[in-house]
Structures are given as C-alpha cells and as structure tokens.
Amino acid sequence: MERKKKVLEEWVDAVVVGAGHAGCEAALACARLGLETVIFTVSVDSIAMMPCNPNIGGSSKGHLVREVDALGGEMGKVIDKTFIQSKMLNQSKGPAVHSLRAQADKARYSSCMRQVLENTDHLTIRQMEVTDIITEEGKITGVRTYSGAVYHCRVCVLCTGTYLRARCIYGDVSTETGPNGLQAANYLTASLKEHGIEMLRFKTGTPARIDGRTIDYSKMEEQLGDKRVVPFSFETDPETVQIPQVSCWLTYTNQETHDIIRANLDRSPLYSGVIEGTGPRYCPSIEDKVVRFADKERHQVFIEPEGLSTNEMYVGGMSSSLPEDVQAAMYHSVAGLEQAKIVKNAYAIEYDCINPTQLKATLEFKAIRGLFSGGQFNGSSGYEEAAAQGLLAGINAAMYVKGKEPLVIDRSEGYIGVLVDDLVTKENQEPYRMMTSRSEYRLLLRQDNADMRLTEKGYQAGLISEERYRKFLAKKKMIEDEIARVEKTVIGAGKEVQDFLLEMGSTPLKTSATLADLIRRPELDYRMLKQIDKNRNDIPEDVQEEVSINIKYEGYIRRQKKQVEQFKKLETRKIPELLDYDQVPSLRTEARQKLKKIRPISVGQASRISGVSPADISVLLVYLETFSRLEGRNEN
C-alpha cells in the first residue's frame with residue numbers, strides 16, 4: 001500500500017500573500033486587530049521593496065499616504081524615519097492639490113518596515129510561494145504552498161504585486177523573474193482561474209540605475225528639499241524630521257536622444273509585439289513619450305539618489321524596454337550623463353492581475369467569501385495606491401472574522417474611496433493611477449485634513465489608540481475654537497493696522513473688520529496676521545494651517561459640501577444584492593449587462609458604471625421605488 005505523503009498543516013486566522021506595500025499594511029492591520037496572521041513572501045528581501053521609483057508620495061499620492069496614516073497604517077511613519085529629501089509639491093497652487101513627496105532611502109525603508117512586521121504581535125513572516133487557494137462552498141478555507149504545506153485560515157488577502165507569472169524584458173532579453181531579478185510566483189494564477197477569477201495581463205517598467213560618480217552634475221539643475229519639512233504621519237513630531245537633506249537633479253532629453261529612440265523603435269519589445277501586457281498611460285516609457293508627443297523638443301529627466309549607502313541613481317522619466325546598446329546610447333545623449341555607467345538596465349515587467357470589478361467596495365471578492373485583495377494585483381499602480389488598498393483589505397478581513405460592519409470609504413470621504421470606487425466600478429483597461437483630477441470633492445479631501453476626515457474611522461476600526469484619539473479630539477476642538485475666535489475678533493482701522501496692510505500689499509481698511517475678513521483676502525493668511533492679532537495664543541503649525549484654509553476657502557467648501565449632500569442621496573439609495581435586472585423594464589441592453597456584471601451596492605455606484613446612462617438611472621430609481629413598496633406590502 002502506498003503511504004500517503006505527510007504535509008505540514010497550520011491553523012491561523014488570516015493569510016496575507018505578498019509582502020509589498022499592500023501586503024505589509026494588510027498584515028499589520030489583521031495582526032493589530034487581534035488575528036493570528038501569517039504573511040507569505042517569495043523572498044524576505046522583497047518586504048516593502050521599492051523596485052521602481054525611490055520615493056513615497058507625490059501629486060495625489062501624498063493624500064493617500066496621509067489617509068493611510070489617519071486610519072492607523074504604517075507607511076507614513078516609516079517614510080518619516082527613512083526619507084532623505086522632502087518637498088511639498090504644488091505650493092504655488094491652491095491647498096486642494098498640495099501634495100507631500102519624500103525621497104526615500106530604499107534599503108532603510110524596506111529594513112524599517114520589516115522590523116515593524118517582525119516585532120508585531122500575532123504576525124509571522126514566512127518565505128514561501130503560495131500556489132493554491134482552497135475554498136469550500138464559495139468560502140476561503142486555506143492556502144497551499146509550493147512545498148505542499150496547507151495553511152487553514154478564516155480570511156485571505158491577496159497582495160501579489162507584480163510577481164504573478166512575471167516576466168522582465170528589455171530588447172530581446174526576457175527573464176521569467178519578478179522585479180529586481182527576484183523569483184516570480186508562477187503557480188497561483190492557475191488556481192485563481194480554476195476558481196472562476198478573471199485575470200488580466202498588465203505591464204509596467206522602470207528606468208536604468210546609474211553610478212552617481214560618473215554623472216556631471218554641473219550640467220544639471222539642482223533640486224533642493226523644503227527648508228521646513230512637513231512629516232507624513234500625524235503622529236510624527238515635526239522637529240524630528242528637520243534633518244540635512246540630499247539633492248536631486250534635473251536634466252532633459254534632447255533631439256539626439258529622440259533620434260536614437262526613433263531609429264530603434266523596431267527593436268523595442270513594446271512595438272514589436274513581444275510585450276503583451278497593457279502599460280500605464282500616465283507613466284509611459286521614454287519611447288512612448290517620444291512617439292506620442294512627437295512635437296516636444298525635450299522631456300524632463302530627474303536624477304534621484306537611491307539611498308545614503310549607495311552610489312546608485314534613479315533616472316526618473318526615462319523608463320524603457322529598449323535593448324542594452326540602445327539604452328547606453330540614449331542615456332549618454334542626455335546632458336550630464338555623457339560618461340554615465342549603467343549599474344542596472346531599464347526593463348519592462350509583465351504580470352498577471354485581476355479585473356477588480358469582481359470585488360466589493362470592501363475589497364472582498366463577490367464570488368468567494370473571506371477572500372480579499374489589494375495593491376497592483378487589483379490592476380492599480382504605485383506604492384501609495386497599494387498601501388491604501390492593503391490597509392482597507394486588511395481592516396475588512398478583520399471585520400469579517402469578528403462579525404463586525406465593514407469599513408467602506410466613499411468618494412466624498414477620502415482619496416482611498418475614490419481609488420477603490422474607480423477600481424471596482426469602472427472597467428480599467430490599464431494600470432490605474434491616482435490623480436487629484438479623479439476626485440470631484442478635492443477641496444474637501446486635502447492632504448492637510450486627512451486626520452480630520454478619517455481618524456474617527458480608524459479609531460472605530462480599532463487601529464487608532466485611545467491616546468492618539470484624545471490628541472485628535474483636542475486638535476479638532478482647538479481648530480474649532482480658533483476659527484470661532486477669529487470670526488468674532490474685530491480689528492480697528494488704526495495706524496498700526498493700516499501700516500501693516502500696506503506693508504503686506506493689501507488695501508487699507510475704511511472701517512473695522514474681523515480677522516476672518518482679512519484672512520479671506522487673497523494676499524493674506526492666518527499666519528501673516530499674528531503681528532496685529534494681539535490675543536493670539538501659541539498654537540501648532542498644523543492647526544494654524546487648518547484655521548487659515550477653512551476661513552479663506554469657506555465659500556468654496558460650503559458649496560462642495562452641498563454637492564456631497566446630493567451625492568449622499570444617491571449613495572444611500574441601496575440596491576438589493578440579488579436584484580434581478582432582467583425584471584427592470586426599459587433598461588438598455590448594455591446597461592442591463594453592466595449592472596448584472598458589477599452588481600453595484602447603491603444607485604450612486606450604478607451611475608458611475610461606464611455604459612449606464614442617466615436615463616438608465618432614472619428607470620432604475622422608478623423600479624426601486626415600486627420594488628420597495630411591494631416589499632413593504634409583503635412584510636405587512
């Protein structure tokens with residue numbers, strides 16, 4: 001008789017597959033909420049790795065990091081400990097688009113996040129490839145690893161990033177590896193397909209890394225960090241991040257660069273058909289830029305350090321999959337890079353991900369209970385988008401196990417809400433990237449007030465401590481009290497005030513005015529008025545910023561809040577989960593098909609599905625009204 005092979009069996013509450021930015025946040029959320037959690041990674045060296053750009057934040061992405069922090073996530077805290085340059089972007093524009101961006105020491109960031117994971121109770125790190133998910137009656141029950149071990153679990157969060165059947169390509173060189181030459185995960189895709197999960201094939205890319213000693217910086221424009229650094233985390237003491245910063249550098253491509261690229265397009269796997277995956281429209285390769293923007297004489301190239309302990313420099317803006325010899329010629333044509341030595345070639349990477357319309361707004365699969373997912377596996381791009389989804393998926397996995405209400409953030413509450421809603425509602429044909437323009441309510445969803453918007457939700461979920469919550473409430477009261485004081489403090493039109501206003505380039509007063517009236521003037525703000533505000537108390541800088549913005553943009557904020565009220569009416573109009581759309585008369589065929597596929601939870605979500613028109617929504621509203629009346633009669 002053949003002996004049955006014995007395999008390792010473990011019983012845990014939660015399994016997280018993948019230890020990138022999504023996986024780290026998901027695992028930390030599960031463990032901190034009391035779930036016995038194991039996080040699987042193909043290599044412990046890939047924990048919180050930055051395989052592409054060495055920075056955190058940026059336009060709209062900075063909003064996401066601050067929201068992650070407000071909910072109790074880790075990314076903001078770790079970048080505050082490991083950044084080497086920090087900048088608040090778009091400061092010449094309004095506060096809605098101000099975005100924090102920090103250059104990271106990549107190795108230290110990864111190491112710091114790994115230390116957090118290793119020292120978190122209820123969390124175990126396991127270097128092993130997961131090959132199968134195991135389900136029973138439409139519910140996740142465990143995973144199987146490459147070694148045959150079975151980990152029984154109550155919930156599972158898939159955060160595979162760019163590792164599923166990954167292939168790295170430049171020129172005619174193709175390797176079946178994940179980013180940075182790490183092992184790919186080649187087996188899980190088949191298991192997911194067997195469970196009826198629809199898969200997509202996307203691609204992204206990264207530029208070359210060059211030896212910083214071989215760069216002529218005299219031909220470039222130096223890019224300095226901010227004199228006064230603003231931390232990402234609301235828990236970080238601002239004084240601890242006022243450190244010496246490194247410089248980044250700006251140069252440009254030129255006509256020679258573009259000629260080299262055009263002459264070799266036939267050798268690019270992007271144009272020869274070798275690469276099958278769809279790439280991100282908003283983060284194109286340099287060959288894409290040259291083709292799509294043929295009239296542009298030059299493109300920006302940012303030279304950014306990868307860390308304090310390495311000479312490697314990241315060539316931002318020049319990702320490519322061109323052959324090695326073309327890359328060398330192309331980079332050498334750029335001012336300051338004439339003698340540059342390439343340490344790592346640029347490459348494109350193809351990988352499997354899911355169609356995210358298969359997910360609920362909680363990031364749980366509609367078809368498999370207890371199975372959640374986050375990050376690039378959901379068809380998005382970017383470390384920040386990944387962390388935001390991972391945190392939300394982790395929180396909701398814990399809520400699922402505990403039998404509590406899930407956390408759903410809507411479009412009026414956070415960029416995380418916009419991100420998730422766009423992913424699960426709209427059929428994206430390319431990697432999704434967050435942008436401020438995607439948010440309808442961006443004046444309300446500023447990066448400075450992320451704590452005011454989401455700390456309460458983080459506290460209710462259990463990730464915000466009592467001490468932090470008390471500090472949050474104190475800050476909130478301080479803002480409210482100071483706004484009230486400024487609104488009623490009257491300033492006379494005396495000589496000191498008039499001289500001050502003239503000095504500030506502002507119109508003198510004809511009669512007395514409140515401090516709030518002066519703050520509303522375009523050329524003035526709350527901080528400037530300290531000289532004539534005799535009764536002002538010493539309050540923190542972040543409180544001063546909130547007071548100034550809330551008063552200066554009061555009219556616009558009030559208008560957006562009214563828009564949100566209208567939005568909420570459609571969001572709160574829920575659609576029964578099992579509604580039979582075939583019974584809804586007068587729905588167009590395309591709308592019926594899309595509604596059946598995505599199964600929106602509200603009329604608001606239904607209205608954002610491509611292919612569902614305003615007329616279809618009107619028909620649906622009429623039917624729901626009739627449906628609810630009939631339901632009411634049946635109950636009676």
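The values are calculated or read from the model by the stated rules, or taken from the named source; none is laboratory data. Note that this is a predicted model, so its numbers are computed, not measured. FYI the Cβ positions are ideal-geometry reconstructions off the backbone, even for glycines, and counts take in every protein chain you see. Just so you know, the surface numbers come from the protein's heavy atoms only, side chains and all, with ligands and any DNA or RNA stripped out. Shrake-Rupley method; radii C 1.70, N 1.55, O 1.52, S 1.80 Å.
Quick notes
- For segment 100-119, the condition holds for at least one residue, the condition being that it is under 30 Å from Lys6 (Cα atoms) and at pLDDT 95 or above.
- Residue match in segment 61-78 (condition: touching a Lys or Arg at 6+ places or on another chain (Cβ under 9 Å), in a helix (DSSP H, G or I), closer than 24 Å to Pro207 by Cα and without any contact (Cβ under 8 Å) to a residue 60 or more places away in the chain): no
- Flag for Ile56 being buried (at least 24 other Cβ atoms within 10 Å of the Cβ), closer than 26 Å to His122 by Cα and in contact (Cβ under 8 Å) with a residue 24 or more places away in the chain: no
- If the condition is being open to solvent by less than 20 Å² (accessible area, probe 1.4 Å) and either free of Cβ contacts under 8 Å to residues at least 40 places away in the same chain or hydroxyl-bearing (Ser, Thr, Tyr) (or both), then segment 490-508 contributes Val497, Phe500, Leu501, Ser506.
- Members of segment 511-534 found to be among the charged types (D, E, K, R) and either touching a residue at least 12 places away in the same chain (Cβ under 8 Å) or under 16 Å from Asn550 (Cα atoms) (or both), listed by number: Asp517, Arg520, Arg521, Glu523, Asp525, Arg527, Asp533
- Considering segment 405-434, and only residues there that are in contact with a Gly (Cβ under 9 Å, 6 or more places away or on another chain) and among the basic types (Lys, Arg), the residue that is farthest from Glu198 (Cα to Cα) turns out to be Arg411.
- Residue in segment 476-489 that is open to solvent by 90 Å² or more (accessible area, probe 1.4 Å), in contact with a strand residue (DSSP E or B) (Cβ under 7 Å, 6 or more places away or on another chain) and over 23 Å from Ser233 (Cβ atoms) present: yes
Yes or no, residue by residue, for (1) under 20 Å from Arg108 (Cβ atoms); (2) β-branched (Val, Ile, Thr):
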{"position": "Arg32", "(1), (2)": "no, no"}
{"position": "Val44", "(1), (2)": "yes, yes"}
{"position": "Met49", "(1), (2)": "yes, no"}
{"position": "Arg66", "(1), (2)": "no, no"}
{"position": "Asp69", "(1), (2)": "yes, no"}
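- Residues satisfying the stated conditions in segment 179-212, i.e. open to solvent by 40 Å² or more (accessible area, probe 1.4 Å) and touching a Ser or Thr at 6+ places or on another chain (Cβ under 7 Å): Gln183, Tyr187, His195
- Residue within segment 328-339 that is part of a loop (DSSP other than H, G, I, E, B) and surrounded by 23 or more Cβ atoms within 10 Å (Cβ to Cβ) present: yes
- Residues of segment 92-102 include none that is closer than 26 Å to Asn396 by Cβ and either in a loop (DSSP other than H, G, I, E, B) or open to solvent by 10 Å² or more (accessible area, probe 1.4 Å) (or both).
- Test: residue in segment 310-320 that is open to solvent by 30 Å² or more (accessible area, probe 1.4 Å) and free of Cβ contacts under 8 Å to residues at least 40 places away in the same chain: no
Conditions tested, residue by residue: (1) open to solvent by 20 Å² or more (accessible area, probe 1.4 Å); (2) in contact (Cβ under 8 Å) with a residue 24 or more places away in the chain; (3) touching a Lys or Arg at 6+ places or on another chain (Cβ under 8 Å); (4) within 30 Å of Met452 (Cβ to Cβ).
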{"residue": "Thr214", "(1), (2), (3), (4)": "yes, yes, yes, no"}
{"residue": "Glu221", "(1), (2), (3), (4)": "yes, yes, no, no"}
{"residue": "Pro231", "(1), (2), (3), (4)": "no, yes, no, yes"}
{"residue": "Asp237", "(1), (2), (3), (4)": "yes, no, no, yes"}
{"residue": "Ser247", "(1), (2), (3), (4)": "yes, yes, no, no"}
{"residue": "Tyr252", "(1), (2), (3), (4)": "yes, yes, yes, no"}
{"residue": "Glu256", "(1), (2), (3), (4)": "yes, yes, no, no"}
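- One residue stands out among those in segment 134-191 that are without any contact (Cβ under 8 Å) to a residue 12 or more places away in the chain and touching a Cys at 6+ places or on another chain (Cβ under 6 Å): the one that is nearest to Met330 (Cα to Cα), which is Thr175.
- Hits in segment 160-170 - residues which are open to solvent by 10 Å² or more (accessible area, probe 1.4 Å) and not in a strand (DSSP E or B): Thr160, Gly161, Thr162, Tyr163, Arg165
- Within segment 367-398, the set of residues being open to solvent by less than 10 Å² (accessible area, probe 1.4 Å) and on the phi > 0 side of the Ramachandran plot comprises Gly370, Gly375, Gly379.
- In segment 399-455, the residue that is surrounded by the most Cβ atoms within 10 Å (Cβ to Cβ) out of those that are hydroxyl-bearing (Ser, Thr, Tyr) and not in a loop (DSSP other than H, G, I, E, B) is Tyr415.
- If you check Ser147, Ser174 for being more than 29 Å from Val246 (Cβ to Cβ) and either within 26 Å of the chain's Cα centre (by Cα) or outside any strand (DSSP E or B) (or both), only one passes: Ser147.
- Against the test of being under 30 Å from Asn550 (Cα atoms) and buried (at least 18 other Cβ atoms within 10 Å of the Cβ), the options Val130, Val157, Val143, Val68 yield a single qualifying residue, Val68.
- Selection status of Gly72, over 30 Å from Ile303 (Cα atoms) and in contact with a Gly (Cβ under 8 Å, 6 or more places away or on another chain): yes
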